[in-house]
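The values are calculated or read from the model by the stated rules, or taken from the named source; none is laboratory data. Computed from a prediction, not measured in an experiment: that's the story for all the values here. Quick reminder, even Gly has a Cβ in these numbers, built from the backbone with ideal geometry, and neighbours come from all protein chains shown.
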Amino acid sequence: MPLIETSSSPVVLRLNRDLVRMIKRGHPWVYGDALRELPNAPAGTPAVLLDNRKGQPVARGFYDPGCPVALRICETDPDLKLDDRWAERRLRAAVTLRRLISASGHTTGFRLFNGEGDGLPGLVGDVYADTAVVKLDGEGPIGFWQVDEIAELIARELKLNCVYERQKERGVTGRALFGSEPVRPVTFTEHGLPFTADIVRGQKTGFFLDQRDNRQLIRAWARDASVLNVFSYTGGFSVAAGAGGASQVTSVDIAPAAIEAANHHWRLNGLPESQHTGIPADAFDFLGQSASERRRWDIVILDPPSFAPNRESVPKAMAAYQNVIEAGSRVTAPHGMLAVASCSSHIDLPMFQECCEEGISRARRRGTVVTIAGQPTDHPTPLALPEFRYLKFVLLRLD
Ligand code: SAH
């Protein structure tokens, strides 16, 4: 069995406008309304794209007639056929790009396949020590990528015991593609710190791997500081701060199970229990209450869920970011640090900086940008698709 769908002959699609330059520069998506017609073929069928003028082939990819992005481009050299060798080359290139992370042995949890960013449209894969999780983004990728075969390949290559597929779209949690379904969360390390990921039920694939470098940044700033980690999930930033010598860490998340996991991760890292408080609570309630009690922390971290799931929700999301940043600023100690993150791809960095400015000034504070960061090297993105760099992380010192 091949790694991709090769049993049907490619469907031929033709552009109705001149997008060739954009495509050749590496933009991997063609919307259905840019195609002359949408032929009848199943999602995931390989496709050849012809230009709008002379009908010359310009690229190859796969088809998804039910999706606004009707064609995902895999290859901008139309002479290169999408076959098993092509797929294996792409998959191996992605593995090679992670060598730097995996080689040290300090970090065994990382993203292996980042979809379009690895030239593997719609295919996401994360590794947690001896276990991997794969996720396919929609019907096109589900039809095109043959995940059972991909699981065999990565299991062999990375010596994995289990490859699990998360399948929220298909109404079930998922299934084991290789080995057996893990019965408990998987333990892995991040910069030498042990964590667990519930790959079956956890958010994303079990852990927010995209914040790895930013947690390391907080670790470096945390010595002797009191730290408040709001929207903590399973306490990634909290443990990093503790490992960096924070005097006291408070984790706040609305999900009690996340707080339980944060407490567990604190203990797992051998940190003194008296120095961590996990609080299951609504962030806005907690911040409001703390401000009224005049509580202050040396470092405040705000990493909320995406407030803008689509373009229409951007104004509301901007307001929500401003509110949370204002509330966080009110509990940041004089000369303390405020770290704020946004994972909304519809809000770009200038917009997010505007939210920071507005929120901080409403709290009658002024901020100095210490650094601006984003996603780590295992989350590569196409240069031509800037919105794929969704993560923004701004570290500020408040006056
Ligand atoms: N910083 C985390 C990831 C945060 S994800 C890490 O590094 O792992 C966002 C978290 O916000 C989720 O765990 C979710 O449960 C929590 N959350 C969502 N709405 C919330 C609210 N109103 N108050 C507190 N937590 C909330």
Only one of (1) away from the ligand (no atom under 15 Å from the Cβ); (2) outside any loop (DSSP other than H, G, I, E, B) does not apply to ILE299, and that is (1)
Scanning the range 25-48 residue by residue, those outside any loop (DSSP other than H, G, I, E, B) and touching a strand residue (DSSP E or B) at 6+ places or on another chain (Cβ under 7 Å) turn out to be TRP29, VAL30, TYR31, GLY32, ALA34, LEU35, PRO46, ALA47, VAL48
Scanning the range 167-183 for residues that are buried (at least 16 other Cβ atoms within 10 Å of the Cβ) and modelled with pLDDT under 95, the one farthest from the chain's Cα centre (by Cα) turns out to be PRO182
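Take the residues of the range 303-355 that are touching an Asp or Glu at 6+ places or on another chain (Cβ under 6 Å) and outside any helix (DSSP H, G or I): which is surrounded by the fewest Cβ atoms within 10 Å (Cβ to Cβ)? Step through it out loud before you land on a result.
Start the filter on the range 303-355 by keeping residues that are touching an Asp or Glu at 6+ places or on another chain (Cβ under 6 Å), which leaves 322, 333, 336, 341, 345.
Now restrict to residues that are outside any helix (DSSP H, G or I): 333, 336, 341, 345.
On the way: ALA333: 15, GLY336: 22, ALA341: 22, SER345: 19.
Per the criteria, the residue is ALA333.
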Picked from the range 374-399 (must be buried (at least 18 other Cβ atoms within 10 Å of the Cβ), within 24 Å of the chain's Cα centre (by Cα) and hydrophobic (A, V, I, L, M, F, W, C)), the residue modelled with the lowest pLDDT is PHE388
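Can you go through SER247, SER251 and tell me which one is in the same structural domain as VAL227 (by TED's automatic domain parsing), of a type in the set (Ser, Thr, Tyr) and touching an Asp or Glu at 6+ places or on another chain (Cβ under 6 Å)?
Details: SER251 fails: touching an Asp or Glu at 6+ places or on another chain (Cβ under 6 Å).
Exactly one of SER247, SER251 is in the same structural domain as VAL227 (by TED's automatic domain parsing), of a type in the set (Ser, Thr, Tyr) and touching an Asp or Glu at 6+ places or on another chain (Cβ under 6 Å), namely SER247.
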Residues in the range 356-399 that are in a helix (DSSP H, G or I), free of Cβ contacts under 8 Å to residues at least 40 places away in the same chain and farther than 16 Å from VAL324 by Cβ total 1
Residue check for PRO28: under 18 Å from GLY122 (Cα atoms) and not assigned by TED's automatic domain parsing to the domain that holds THR381
yes
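Taking only the range 136-169 into account, find how many residues are of a type in the set (Lys, Arg) and closer than 20 Å to MET1 by Cβ.
The initial filter retains those residues of the range 136-169 that are of a type in the set (Lys, Arg), namely 156, 159, 166, 168.
Then drop every residue that is not closer than 20 Å to MET1 by Cβ, which leaves 156.
The number of residues fulfilling the criteria is 1.
Considering each of LEU49, LEU38, LEU71 in turn, give the residue that is surrounded by fewer than 17 Cβ atoms within 10 Å (Cβ to Cβ) and hydrophobic (A, V, I, L, M, F, W, C). Before you say what the answer is, go through the steps one by one.
Details: LEU49 fails: surrounded by fewer than 17 Cβ atoms within 10 Å (Cβ to Cβ); LEU71 fails: surrounded by fewer than 17 Cβ atoms within 10 Å (Cβ to Cβ).
The conditions single out LEU38.
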Listed by first then second residue, the pairs whose first member lies in the range 216-245 and is within 14 Å of HIS265 (Cα to Cα), whose partner is near the ligand (Cβ under 9 Å from one of its atoms) and at pLDDT below 95, with beta carbons under 9 Å and at least 6 positions apart or on separate chains, are TYR233/GLN203; THR234/GLN203
Looking across the range 96-113 at residues that are crowded, with 23+ Cβ neighbours inside 10 Å and within 20 Å of LEU3 (Cα to Cα), the single one that is nearest to the chain's Cα centre (by Cα) is ARG111
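Considering only the range 198-207, state which residues are within 7 Å of the ligand (Cβ to nearest atom) and either in contact (Cβ under 8 Å) with a residue 60 or more places away in the chain or touching a Pro at 6+ places or on another chain (Cβ under 8 Å) (or both).
Pass one, the range 198-207, residues within 7 Å of the ligand (Cβ to nearest atom): 203, 207.
Residue satisfying the conditions is PHE207 alone.
Residues of the range 172-184 being part of a strand (DSSP E or B) and not charged (D, E, K, R), which ones?
Quick first cut of the range 172-184, residues part of a strand (DSSP E or B) only: 174-178.
GLY174, ALA176, LEU177, PHE178 - these are the residues of the range 172-184 that are part of a strand (DSSP E or B) and not charged (D, E, K, R).
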Apart from one, (1) over 29 Å from ASP148 (Cβ atoms); (2) in contact with a helix residue (DSSP H, G or I) (Cβ under 8 Å, 6 or more places away or on another chain) all hold for ARG25; the odd one out is (2)
Every listed condition ((1) within 25 Å of the chain's Cα centre (by Cα); (2) crowded, with 16+ Cβ neighbours inside 10 Å; (3) assigned to a helix (DSSP H, G or I); (4) more than 12 Å from the ligand (Cβ to nearest atom)) holds for ALA291 save (1)
